[in-house]
1. Collect the residues in the stretch A:200-220 that are part of a loop (DSSP other than H, G, I, E, B) and under 15 Å from residue B:158 (Cα atoms), keeping them in residue-number order.
2. From the residues in the stretch A:283-295 that are facing chain B (nearest Cβ under 7 Å) and part of a loop (DSSP other than H, G, I, E, B), which one is surrounded by the fewest Cβ atoms within 10 Å (Cβ to Cβ)?
3. Would you say residue A:393 is more than 8 Å from every other protein chain (Cβ to nearest Cβ), more than 21 Å from residue A:420 (Cα to Cα), free of Cβ contacts under 8 Å to residues at least 40 places away in the same chain and buried (at least 17 other Cβ atoms within 10 Å of the Cβ)?
4. Can you name every residue in the stretch A:221-245 that is under 16 Å from residue A:108 (Cα atoms) and assigned to a loop (DSSP other than H, G, I, E, B)?
5. Run down A:364, A:347 and say which single residue is within 12 Å of chain B (Cβ to nearest Cβ) and under 23 Å from residue B:231 (Cβ atoms).
6. Output yes when any residue across the stretch B:144-159 is facing another protein chain (nearest Cβ under 7 Å), in contact (Cβ under 8 Å) with a residue 12 or more places away in the chain and farther than 20 Å from residue A:291 by Cβ, and no when none is.
7. Do the conditions hold for residue B:200, that is, is it surrounded by fewer than 13 Cβ atoms within 10 Å (Cβ to Cβ), part of a helix (DSSP H, G or I), more than 9 Å from chain A (Cβ to nearest Cβ) and in contact (Cβ under 8 Å) with a residue 60 or more places away in the chain?
8. Which one is farthest from the other protein chains (Cβ to nearest Cβ), of the residues in the stretch B:212-236 that are within 16 Å of residue A:404 (Cα to Cα) and surrounded by 12 or more Cβ atoms within 10 Å (Cβ to Cβ)?
């Protein structure tokens, strides 16, 4: 949506900007010292070790992995959150990533009974209920059917759920890391239902996992026919076991709990099932003690991933503020950034592709000279929805709803370059 | 934007198992009812539509294609996996279980995590108590205080409990342990026996505690095509610090800014 040329500096200002930025960096270098250090033996005019010796040959790493110097770019969990790691969550390191695609090994995990390890030969999907022909598919069957490729974000409804009562976890990995965005390859659910033939009374689907939680949710038939997929690939390769290998449901824009992993069964019915996961869990308890049910859509949301508590600022001068935005109701059309806690806003630049129910990457270029900032971002989507402040959300929902917290995040940037998760009023 | 009410039913046509909406069939079927010129016209139109039907096949109304992929699932295959139960009892298996028998199952298979009286051990879910807390600052969501239907409990135990030994309880044990958890919540008395037949007698206290998503109405103010850009609020104060709460896990990556 944004043509990068719009924001390209004019040639004559470029040189001046470069000069100023360079001067600032030099100042930063002098102050930062150790942050710029390396091993002098590898720095010019000396010739580095890797310039003299052979490295690993081909196929030494038959499935490639990130550089050993990137060992801190990992999923992390918060152990006090849950009773066991088999029923828990690990978070995407958003602060270490750029662009819109999440690498497969970094996609956040949410399991309810650990990772099921399914032999693809033993995989089966049953479609039954209010259909003309109950069917059973092998994985090979699914791969033979017409397929599509779509990039969608997946956000857990409880993402940012620990922040309802105020700033708690210090890092966007923990506050916002239950989201990822990959390209899925799979069969439209519509195609599968056409094979079985849905009877006229069919209105809802029960979708069910094959793990030891047998997670089950009710999905309106109209949504399933609109854009849901039975996916077996993410970013080209087969799904990771953590993401439901060999087959998961894709429910674009809707809460992650519905994206059943290790999908084993789809039943067509005439009404919802009111399973534990759509009553006791994944309902939004409001201040009056009533719960909102079937709050499927994930509303527009954004977060600045750098600077953020795990990605502090290391230099004065030119800064690229970078972040991620998404909306479960459509396309992100705009992201605004504030440096003063929401008093004043400016539109950020969206760079890279903009798809329906997909993450976008935004940047705001600016200068920083040690003054305190209160960094915020707010996303807007093509339905006209504007990401609200946390206080505006709390006015309507109170602080007990756990789920669907899409309020505006505030990061406080200090003179030291450190960044902290703060609450503003 | 998708809406929770008024699902676009019209979109369902192509997967419905009703007769094809093919206009050729429609006109041929009507043919004998037309007379004279009308009938000739009907026939000519039918021929015309037959000729252009390949083009129509690409229209949205074309009948779905059967790819001949996948096998018919047998009743036995389905029965082994079809374990869901609805609020109206649809799907409930044969069998029955008393509160008394449920206590034995519960003590043996459940109490280690959920506590002897459903009060929870450690961080595992609490099953009992919590009545009257939903509107408080510290709501306690349990079977008694929050679950709207027996099926929401029964179906969950049937598919996933005991944790780590799922689908190991017999139907009678399932009915019994569900009855016991209901009894812990004072929903049924000590002599109650749960079965398909008594299912409808159970009235869950929070049955009417939920309503459909109404965000598009109750949060309508968030749809605003021209959000404020300048001087949008008064002075901003920091009112809370995550660092003070200090519950973020430690990791070895340096997090200090490099700027002095």
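1. Passing the criteria: A:210, A:211, A:212, A:213, A:214, A:215.
2. In this case the residue turns out to be A:288.
3. Against the criterion (more than 8 Å from every other protein chain (Cβ to nearest Cβ), more than 21 Å from residue A:420 (Cα to Cα), free of Cβ contacts under 8 Å to residues at least 40 places away in the same chain and buried (at least 17 other Cβ atoms within 10 Å of the Cβ)), residue A:393 qualifies.
4. A:235, A:239, A:240, A:244, A:245
5. Values: A:364 fails: within 12 Å of chain B (Cβ to nearest Cβ).
Selected residue: A:347, the only one of A:364, A:347 that is within 12 Å of chain B (Cβ to nearest Cβ) and under 23 Å from residue B:231 (Cβ atoms).
6. Within the stretch B:144-159 (the criterion being facing another protein chain (nearest Cβ under 7 Å), in contact (Cβ under 8 Å) with a residue 12 or more places away in the chain and farther than 20 Å from residue A:291 by Cβ), the answer is yes, since at least one residue qualifies.
7. Working: surrounded by fewer than 13 Cβ atoms within 10 Å (Cβ to Cβ): yes; part of a helix (DSSP H, G or I): yes; more than 9 Å from chain A (Cβ to nearest Cβ): yes; in contact (Cβ under 8 Å) with a residue 60 or more places away in the chain: yes.
Answer is yes for this residue.
8. B:216
The values are calculated or read from the model by the stated rules, or taken from the named source; none is laboratory data. These figures come from a predicted structure and were not determined experimentally. In this analysis, Cβ positions are derived from the backbone assuming ideal geometry, glycine residues included, and neighbour counts consider all displayed protein chains.
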